[in-house]
Each structure stands twice: as structure tokens, then as C-alpha cells.
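The values are calculated or read from the model by the stated rules, or taken from the named source; none is laboratory data. Predicted model only: the values in this text are computed from it and were never measured. In this analysis, Cβ positions are derived from the backbone assuming ideal geometry, glycine residues included, and neighbour counts consider all displayed protein chains. Keep in mind that these areas ignore ligands, DNA and RNA; they rest on the heavy atoms of the full protein, side chains included. Shrake-Rupley method; radii C 1.70, N 1.55, O 1.52, S 1.80 Å.
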Amino acid sequence: MQLTGAEIVVECLKEQGVDTVFGYPGGTILNVYDALYKHSDEIRHILTSHEQGAAHAADGYARATGRVGVCLATSGPGATNLVTGIATAYMDSVPVVAITCNVNLPLLGKDTFQEVDIAGVTMPITKHGYIVKDVTKLADTIRKAFRIAREGRPGPVLVDITKDVTANTCEYEKREPLPFKNPCKYTDADIEQAITLMKAAQRPFIYVGGGAVISEAYKEVRELAEILDTPVCDTLMGKGAYDGYDPLYTGMIGMHGTKTSNLGVAECDLLIVVGARFSDRVVGDPNHFATNAKILHIDIDPEEINKNIQTDASIIGDVKIILRKLNARLDPMNHDEWLSHIERLKDMYPLRYNKEVLTGPYIMEEIYKVTGGDAIICTDVGQHQMWAAQYYKYKRPRQLLTSGGLGTMGYGLGAAIGAKMGCKDKTVINI
């Protein structure tokens with residue numbers, strides 16, 4: 001059937017199962033908004049007060065649900081207002097599709113009113129960017145954008161569409177989304193090497209990051225920890241990948257982490273890193289990080305292997321699939337002496353705060369009690385963010401939505417709106 005480009009945008013969103021979009025209208029994207037209005041019973045549009053809020057809302061929606069978040073903006077300043085939100089999603093591997101509209105094709109490159117090369121501006125902070133200048137290529141471009149945003153290590157994708165393309169017509173045929181496969185580049189030898197290291201270790205330690213949350217590897221991480229009989233720490237982005245109240249859990253690692261986690265990593269003889277990137281906030285001085293340990297790094301992104309820390313072994317692929325393979329090959333182990341040492345460290349170095357006065361940590365613990373530990377917690381960036389990470393115990397993945405890599409001030413409100421739209425049955429709290 002013949003549809004306008006604007007109608008094709010909406011139909012492609014419906015193909016991908018999109019039920020909510022976040023945005024702010026403007027001149028060049030009005031055709032898309034007109035088409036979206038006709039489908040308001042199928043796709044809900046959340047109007048934000050600023051495009052950056054729309055990007056953060058799409059990000060929060062994606063983190064809370066595991067689905068692709070979508071935001072819309074007009075050309076020029078509308079598009080550039082998305083940049084901070086796109087960069088936030090890129091640093092934390094969040095699948096977002098940002099759709100912008102630009103000036104008419106004949107006016108591109110002529111310093112036209114409200115014209116910006118937004119694909120060029122966002123090139124370093126997106127997985128991919130498109131400029132659509134031909135309506136016949138629009139549908140396939142949007143489909144590719146969603147696939148790229150989701151597969152492998154997720155991230156934001158930008159689709160910029162000239163205004164005349166949204167008005168032009170062409171034949172549209174509905175298609176079901178193609179299944180996507182996460183790349184697995186490991187060999188049987190990589191698996192064997194990992195198993196050999198685990199069997200030989202006397203003081204293993206698991207360090208889990210955001211990749212375990214993205215991969216939905218919660219059960220697999222828990223099973224590995226129980227098989228190896230080993231303590232577990234997490235990063236800010238890895239919160240909820242391991243139950244914060246489990247006896248094997250030692251708290252967050254790094255400059256804002258617990259002393260137990262940091263000492264445990266310093267003293268272990270095998271550090272098993274699951275879906276983490278050795279952030280500078282975790283590692284500190286690379287020359288003095290886990291110097292007593294062999295390091296096994298499991299990650300979907302081959303570019304992260306040996307980028308910040310040299311590893312002794314690595315397995316590249318979806319951590320959920322890899323952990324299943326490892327768990328099936330391992331027999332239960334016993335590390336009582338090592339765990340007893342870790343327990344002593346927990347007793348010696350607990351998180352402390354002054355309970356005689358009103359404090360941030362006290363408020364976080366009270367919020368936990370009121371919500372039963374089941375809320376989705378969103379934060380801005382700063383000390384309160386660290387209190388939320390340290391003193392609210394996360395029982396499941398996708399409970400803490402926070403800007404880890406970019407450290408974006410003002411992230412929390414937009415993310416909370418997006419999370420609530422995606423998880424209407426959950427209590428969402430913005431710290």
C-alpha cells in the first residue's frame with residue numbers, strides 16, 4: 001500500500017512492538033507527529049519539556065524493560081538537545097533509537113534555518129547513524145536501526161530523515177522483525193581454559209558488571225557463584241545482577257565500593273569478570289589492580305578485552321550463554337577457608353554512617369523498608385547516587401537506573417518517567 005514517509009515511520013514502530021515514544025515536536029518533524037496522532041491508541045507519545053528529557057526517558061524505559069527506547073526530535077537545536085541523552089545511553093550500552101527530522105533535501109548543506117548535521121555530530125556516541133534522503137529506503141533503515149540497537153553490545157542508533165521524505169509516498173509492506181543473534185567468538189579451547197583456571201583456583205572472586213544485567217544472566221551468575229563457592233562483588237551498572245542480600249555478596253567494587261570487595265579482589269588468585277569493562281572508577285591504578293590474581297574476562301565486546309587491564313584468559317560472547325556452558329561443565333567446589341576470610345572482612349569493614357542524625361544512607365534504608373526492596377530506583381549523579389548504590393539492596397536486575405559511564409546530571413527525572421511508562425505496576429523513585 002502507498003504510504004507517506006511519516007506513516008511508514010509509525011508503521012515501522014508498530015512492527016517493532018513499540019508502544020511508547022518520548023519527544024518534543026517542531027517544524028521538520030510535524031508530519032511524523034500528524035501520523036503518530038492517528039495511531040495514538042496504539043503508540044503513546046509522552047511529551048517532555050525538553051528533548052534531553054525525551055532521550056533520558058527513552059533510556060530509562062529501555063533499562064527498566066529491556067526493550068528498545070524511542071525518542072523523537074525536530075531538526076537543529078531539537079536534535080542537538082538529544083546529544084547528552086544519546087551519549088548517556090552509549091556509555092552505558094542502552095538500546096535507544098533516536099529519530100530526528102532535518103530540513104528538505106535540497107536545503108541540506110546550505111546553512112538552512114535550524115539545519116545541523118546531527119548524524120555527524122553524534123557519530124562518536126552512537127553505534128550507527130543514518131541520514132534518510134529517499135523514502136523508498138526509509139522502512140529498511142528503521143528496521144536496521146532497531147536491530148543494531150539491540151544486537152551484540154546494545155547502544156543508541158540515530159535515524160535522521162529529511163522533511164520531504166516524510167511527505168513523499170512509496171509502497172510499504174509490513175514485515176516481521178528478523179531475529180537477531182548475539183555474536184559468540186569463543187572457541188572450545190577458550191571454555192576449556194576457563195574451566196582449568198576455575199578448578200585450580202583456591203581464592204576465586206566474581207566481579208559482575210552491567211553486561212550481566214543486559215544479558216539477563218541473573219540466574220546463571222548465581223549458579224556459578226554457588227558452584228564455585230565464591231564471593232561476588234558488582235559494579236554500579238551491575239547492581240541487581242546478584243542479590244544484594246545473598247551471603248556471598250560483598251558489595252560494590254571500586255572507589256565508592258566496600259573495603260571487603262576491594263580487599264577481596266586484591267587478595268584473590270582468580271578474578272572472574274562477567275560483563276564489565278574495568279572502568280577507571282573500579283580499577284584505580286591499573287598497575288596495582290588484582291596483582292595476585294589471574295584474570296578471566298567474559299564479555300560480548302571483543303574491544304573490551306585487554307583494553308584497560310591485561311587478562312590471562314577471555315571468552316567473547318553473550319555472558320548468559322557462556323555461563324550456562326561453564327556451569328554445565330563444573331562440579332561443586334569448596335572454598336570454606338576463603339569464604340571465612342571474606343566474612344571476617346565483612347565484619348571488620350561494614351558500611352557505616354552516623355545514626356544519631358538524619359543522613360542520606362538512613363533515608364535509603366528507609367526507602368528500602370517502605371518499598372520492600374521492590375522499587376525501581378532512578379538517580380541523578382553525585383553523592384546521593386552512591387548512597388543509592390550502597391544502601392538500597394537490589395534483589396533483581398533493572399532496579400537501579402543511573403548514569404554510570406557519562407555521569408549525567410539531570411538524568412534521574414527523565415529516566416524515572418520512562419521507567420514508569422514501561423513498568424506501570426512498579427513503584428519508581430527518583431533520588
Number of the condition not met by Glu223 [criteria: (1) in contact with an Asp or Glu (Cβ under 6 Å, 6 or more places away or on another chain); (2) open to solvent by 20 Å² or more (accessible area, probe 1.4 Å); (3) under 18 Å from Asn334 (Cα atoms)]: (1)
Cβ-Cβ under 6 Å pairs, at least 6 apart or on other chains, the range 343-370 side at pLDDT 95 or above, far side open to solvent by 60 Å² or more (accessible area, probe 1.4 Å): Tyr349/Lys259; Gly360/Trp387; Pro361/Trp387; Met364/Trp387
Any hit, the range 238-252, residues being closer than 22 Å to Ala328 by Cβ, surrounded by 24 or more Cβ atoms within 10 Å (Cβ to Cβ), touching a helix residue (DSSP H, G or I) at 6+ places or on another chain (Cβ under 7 Å) and not polar (S, T, N, Q): yes
Residue list for the range 13-44, filter: within 15 Å of Thr169 (Cβ to Cβ) and either open to solvent by less than 30 Å² (accessible area, probe 1.4 Å) or part of a strand (DSSP E or B) (or both): Val32, Ala35
Residue in the range 74-91 that is among the β-branched types (Val, Ile, Thr), under 21 Å from Asp140 (Cβ atoms), at pLDDT 95 or above and crowded, with 23+ Cβ neighbours inside 10 Å present: no
Looking only at the range 253-276, and only at residues there that are surrounded by fewer than 24 Cβ atoms within 10 Å (Cβ to Cβ) and not hydrophobic (A, V, I, L, M, F, W, C), the one that is nearest to Ile195 (Cα to Cα): Asp269
Only listed residue being buried (at least 17 other Cβ atoms within 10 Å of the Cβ) and in a helix (DSSP H, G or I), chosen from Val70, Val10: Val10
Of all residues making up the range 408-427, the number that are more than 19 Å from Val94 (Cα to Cα) and within 18 Å of the chain's Cα centre (by Cα): 0
Pairs, first within 12 Å of Gly284 (Cα to Cα) in the range 254-265, second assigned to a loop (DSSP other than H, G, I, E, B), C-beta under 8 Å, six or more apart: Gly254/Thr235; Gly254/Leu236; Gly254/Ser279; Gly254/Gly284; Met255/Gly284; His256/Leu236; Asn262/Ile253; Asn262/Gly254
Total residues in the range 193-218, condition in contact with a helix residue (DSSP H, G or I) (Cβ under 9 Å, 6 or more places away or on another chain) and either outside any strand (DSSP E or B) or free of Cβ contacts under 8 Å to residues at least 12 places away in the same chain (or both): 15
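Could you tell me whether the range 145-162 includes any residue that is polar (S, T, N, Q), open to solvent by 70 Å² or more (accessible area, probe 1.4 Å) and modelled with pLDDT of 95 or more? Walk me through it before giving the result.
We begin by selecting, within the range 145-162, every residue polar (S, T, N, Q); these are 162.
Filter once more, keeping what is open to solvent by 70 Å² or more (accessible area, probe 1.4 Å): none.
No: zero hits.
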Residue in the range 154-161 that is touching a helix residue (DSSP H, G or I) at 6+ places or on another chain (Cβ under 9 Å) and either assigned to a helix (DSSP H, G or I) or among the polar types (S, T, N, Q) (or both) present: no
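In this structure, does Glu192 turn out to be open to solvent by 10 Å² or more (accessible area, probe 1.4 Å) and under 22 Å from Tyr249 (Cα atoms)?
So Glu192 fails the test.
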Strands (runs of 3 or more DSSP E) (entirely within the range 284-383) containing at least 2 residues that are of a type outside the set (Val, Ile, Thr) and open to solvent by less than 70 Å² (accessible area, probe 1.4 Å): 294-299, 313-316
Meets criteria (under 17 Å from the mean Cα position of the chain (by Cα), over 18 Å from Ala419 (Cβ atoms) and open to solvent by less than 50 Å² (accessible area, probe 1.4 Å)) for Ala58: no
Among (1) open to solvent by less than 10 Å² (accessible area, probe 1.4 Å); (2) small (Gly, Ala, Ser); (3) in contact with a strand residue (DSSP E or B) (Cβ under 6 Å, 6 or more places away or on another chain), the one test that Ala416 misses: (1)
Test: residue in the range 36-45 that is under 27 Å from Asp380 (Cβ atoms) and touching a helix residue (DSSP H, G or I) at 6+ places or on another chain (Cβ under 9 Å): yes
